[in-house]
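Participant: Supplied in C-alpha cells, the structure appears directly below.
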Amino acid sequence: MIPFLSLREQYQSIKGEIDAAVGRVLASTSFVLGHEVEAFETEFAAYCGARHAVAVNSGTSALHLALLAAGIGPGDEVITTPMTFVATTAAILYSGATPIFVDIDPVTWNIDVDRIEAAITPRTRAILPVHLHGLMSDMDPITGLARRRGLIVIEDAAQAHGAEYRGRRAGSIGEIGCFSFYPGKNLGACGEAGALVTNDPEFARAARMLRDWGQASKYNHVVKGYNYRMDAIQAAVLRIKLEHLEAWTAARRAHAASYDSLLTKANAVQVPARDGVYRHVYHVYAVRLARRDAARRRLEAAGITCGMHYPVPVHLQAAYRDLGYGPGAFPVAESFARETLSLPMYPELTADQIAEVVSVVAEAPQEAAA
Ligand SMILES: *Cc1c(COP(=O)(O)O)cnc(C)c1O
C-alpha cells in the first residue's frame, strides 16, 4: 500500500519537539494570538523574505483579508485562474468583488500570462495568480503588467511555501502573499491555520486589525472585522515545523527528480515543468496523461492512492455556475482537469515506493489500449 499522503511518519520523527511545544502552550494558558503567534510571524516573514507576516486561522481567511486590506470590494474585478482550489474564488466573492478567470498555460498549468491583459477592464483592481502544486506563476510579466495598469498583485501561495522565482520566495513578489497551513500543506499545522505576508506596513496593519474584529485597541472597533485569529498551539507547532521545512522540501524535490527521470524514460506522461527560473516545492507531483482514469484504476488496484488537483475547474463547479462561464470557456484548464493525476508525494516516501508507482503508471496505457 502506498498512500497519496501520510502525515504519520513526519509526526513520529519530531514527536518530542511537537509534544513539548504544545505542552508549553497548554501550561501558558495563552491560547489565542500572543507570544507564540508573534514569534511565528517574525520567523515566517523572514523565511519568505518579506517584512511582515500576519497569522490567521486559515489560508482562505488570509486571501479574504489580503483583498480587504488592499481595499478591494463590490464592483471590483479580480483576475485569477479557474485551475485552483475553490477557496481562491470563494475569497474573492467574500470580499464582494467578481472573479474573472483566465485560462492556464499548457506547460506550467498556472495562469497564462499572455492572456491576462485581454481580461483587464476599467473595473479590474487586482491579479491573483495561484502557484499551483508549488510551482510559482511567471511573476515578472504579471508584476510588469500590474505596474503598467495600476493593479495590485496578490499571490495565492497556499501550495508554495519556500517556492522561488528568480531567487525570490513565494509571497514576497506581489503586494501580498497568502499561505495555508492546512495539515496536508508543505508547512502544515495540527489543525487549521494560515498567514499573509507583505512588505507594506499599511497592508499588514489593516490585516492585523481585520483579523481581530477591526479593533484599533481593545473595544475600539474602527472597521467591521472578523474572528480570523491564529491559535497559539498552531503557531507553536508551525515554529517547530518551520525549522524542518527546508529538509522536507529537499526530500520532495529529490523524489520529484526521481519521478521525472523514471517517467521520462518510460515516456508515459507529461511531467511537471522544469526551468532554472523556478524552484518547485512539489506540494503536489502531478502528471498529465491521456488515459488518466485507466491509470488511476490500475494504481488503485495495486494499492496506490492518487489525487487530482483538480478534476473540475472552478468555473464548471455547480456552486459557481452563476459566474456565467460554461464548458469550453477555458479549454486548456478543462483538458488538464480531465488528464491530471497527482502521484504519492511526501518527504518520507522511499525510492522503492516511487519505482513501484512509476512501474504501474508506465503499464497503464498499454492495458487500456489492449
Ligand atoms: C489550501 C488552499 C487554499 C485554502 O487554504 P485553507 O487553509 O484550507 O483555507 C487556498 N488556495 C489554494 C490554492 C489552496 O491549495
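Participant: Consider the stretch 196-226. How many of its residues are closer than 22 Å to Ala45 by Cα and exposed (fewer than 14 other Cβ atoms within 10 Å of the Cβ)?
Facilitator: Looking only at that region, the number is 2.
Participant: While we're looking at this one, here's another question. Has the stretch 153-176 got any residue that is of a type in the set (D, E, K, R), within 12 Å of the ligand (Cβ to nearest atom) and free of Cβ contacts under 8 Å to residues at least 60 places away in the same chain?
Facilitator: Yes, the stretch 153-176 has at least one match.
Participant: Another question about this same structure. For the stretch 111-126, how many residues meet the condition of being over 23 Å from Ala319 (Cβ atoms) and either within 15 Å of the ligand (Cβ to nearest atom) or under 18 Å from the mean Cα position of the chain (by Cα) (or both)?
Facilitator: Selection size over the stretch 111-126: 1.
Participant: For the stretch 309-344, what are the residues that are within 30 Å of Tyr259 (Cβ to Cβ) and part of a loop (DSSP other than H, G, I, E, B)?
Facilitator: Passing the criteria: His309, Tyr310, Pro311, Val312, Pro313, Gln317, Phe330, Pro344.
Participant: Can you tell me which residues in the stretch 266-300 are loosely packed, with under 15 Cβ neighbours inside 10 Å and β-branched (Val, Ile, Thr)?
Facilitator: Val277 - this is the single residue of the stretch 266-300 that is loosely packed, with under 15 Cβ neighbours inside 10 Å and β-branched (Val, Ile, Thr).
Participant: Would it be correct to say that Tyr182 is over 25 Å from Leu5 (Cβ atoms) and either within 11 Å of the ligand (Cβ to nearest atom) or of a type in the set (Phe, Trp, Tyr) (or both)?
Facilitator: When the stated conditions are applied, Tyr182 does not pass them.
Participant: Do we find a residue being within 16 Å of the ligand (Cβ to nearest atom), more than 30 Å from Leu151 (Cα to Cα) and not basic (Lys, Arg) anywhere in the stretch 239-261?
Facilitator: Checked against the condition, which is being within 16 Å of the ligand (Cβ to nearest atom), more than 30 Å from Leu151 (Cα to Cα) and not basic (Lys, Arg), the stretch 239-261 yields no hits at all.
Participant: Taking the conditions exactly as written (surrounded by fewer than 17 Cβ atoms within 10 Å (Cβ to Cβ), touching a residue at least 24 places away in the same chain (Cβ under 8 Å) and not charged (D, E, K, R)), does Gly303 satisfy them or not?
Facilitator: Yes; evaluated as a whole, the condition is true for this residue.
Participant: Oh, and also: Across the stretch 48-85, what is the number of residues that are away from the ligand (no atom under 14 Å from the Cβ) and aromatic (Phe, Trp, Tyr)?
Facilitator: Selection size over the stretch 48-85: 0.
Quick note: the coordinates plus some simple rules give every number you see, no bench work behind them. Because the structure is predicted, anything quoted here is derived from the model rather than measured. Glycine gets a Cβ as well: all are built from the backbone with ideal geometry, and neighbour counts include every protein chain shown.
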